[in-house]
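The values are calculated or read from the model by the stated rules, or taken from the named source; none is laboratory data. A quick note: this is a predicted structure, and the numbers were derived from the prediction, not measured. Every residue, glycine among them, receives a Cβ derived from its backbone with ideal geometry; neighbour counts consider all protein chains shown.
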Amino acid sequence: MASMRDIQRRKTSIQSTGQITKAMKLVSTVKLQKAKTKAEHTKPYSDAMYATISEMLSRSSNIDHPYLKKGSSNKKAVIVITSNRGLAGGYNTNITKLLTNGAIPKEQLQVYAIGRKGKDILARRGYEIAADYSDVINEPIYQDAREIGKKVLDAFTKNEIGEIYLAYTSFKNTVSHEPKLIKLLPIEIEKKEQERQIPMNYEPEEEEVLDAIIPKYVCSLIYGGLIEAVASENGARMQAMDSATSNAEEMLADLSLKYNRARQSSITQELTEIIAGAEAIN
């Protein structure tokens with residue numbers, strides 16, 4: 001059995017850790033409330049933009065536009081959104097697993113990293129980091145999404161990459177977050193039954209309309225991914241810190257029991273020695 005001094009030292013250490021995790025949980029809870037509100041306001045717009053573009057193109061036929069065709073390059077750009085900090089459970093590793101356990105070969109991937117944790121994990125595993133936008137995740141704004149979108153779209157139109165993907169964590173609610181890998185370009189047109197389909201008419205010409213709307217579509221999805229990722233990160237960290245605080249409390253309870261047993265054993269031993277000494281004198 002460990003000595004009373006060792007048990008007391010461990011209790012003090014765990015108490016300090018528990019205070020830190022409790023404070024971090026409270027901070028994450030406050031941040032989550034703000035991020036959750038923003039995500040709930042942004043998500044309907046991103047979903048509507050995706051559904052509208054898909055529906056519009058499904059009603060179009062024989063459109064020859066660069067954004068709708070896969071380039072000849074076998075390189076695939078993936079915008080990977082993780083966090084700059086750890087202590088969030090499996091939040092960061094769940095995103096990187098979408099690539100490391102995915103079907104796309106490592107040699108074909110170019111990573112546009114948003115978040116140092118994901119960038120570091122993928123860099124250690126030999127993935128090509130094409131750009132680093134880690135500071136963006138601290139306070140994402142739409143202008144950040146536009147800059148990232150312009151960068152990948154320029155590479156796509158120059159045929160430096162053939163496809164563009166977005167890897168992020170979708171925010172469902174406080175305790176539910178889903179890692180997602182979605183394809184941004186070329187847009188996959190859903191084939192629907194032609195019956196009762198109203199054809200899409202463009203004004204002005206198709207190319208001019210798509211030149212204007214596709215970049216907005218890409219930037220909107222990137223921005224939506226950033227906002228949902230921030231909410232998911234704080235939700236994951238809040239859960240992780242809550243679990244760590246609960247574990248610390250359980251360990252303290254167990255150590256308190258061990259400490260009391262050791263103290264009782266020490267007192268019993270002292271009494272036994274006193275009684276034995278008194279009997280020896282008599």
Notebook entry, point to check: Can you tell me which residues in the range 38-62 are surrounded by fewer than 16 Cβ atoms within 10 Å (Cβ to Cβ), in contact (Cβ under 8 Å) with a residue 60 or more places away in the chain and not in a helix (DSSP H, G or I)?
Noted result: 59, 61
Note to self: Restricting to the range 99-128, name every residue that is of a type in the set (S, T, N, Q) and closer than 20 Å to residue 144 by Cβ.
What the structure shows: 110
Note to self: Can you find, within the range 181-209, the residue that is modelled with the lowest pLDDT among those that are more than 23 Å from residue 150 (Cβ to Cβ) and surrounded by 13 or more Cβ atoms within 10 Å (Cβ to Cβ)?
What the structure shows: 189
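Residues are listed down the side, and each one gets a yes or a no for (1) in contact with a Leu (Cβ under 9 Å, 6 or more places away or on another chain); (2) under 25 Å from residue 244 (Cβ atoms); (3) without any contact (Cβ under 8 Å) to a residue 40 or more places away in the chain:
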| residue | (1), (2), (3) |
| --- | --- |
| 99 | yes, no, no |
| 105 | no, no, yes |
| 110 | no, no, no |
| 126 | no, no, yes |
| 139 | no, no, yes |
| 151 | no, no, yes |
Check: For the subset of the range 85-119 comprising residues that are under 26 Å from residue 160 (Cα atoms) and polar (S, T, N, Q), which member is surrounded by the fewest Cβ atoms within 10 Å (Cβ to Cβ)?
Finding: 101
Check: On the given criteria, is residue 121 under 19 Å from the mean Cα position of the chain (by Cα), more than 19 Å from residue 91 (Cβ to Cβ) and either of a type in the set (D, E, K, R) or part of a helix (DSSP H, G or I) (or both)?
Finding: no
Margin query: So for the range 259-269 (the condition being in contact (Cβ under 8 Å) with a residue 40 or more places away in the chain and either closer than 27 Å to residue 182 by Cα or among the hydrophobic types (A, V, I, L, M, F, W, C) (or both)), does at least one residue qualify?
Written below: yes
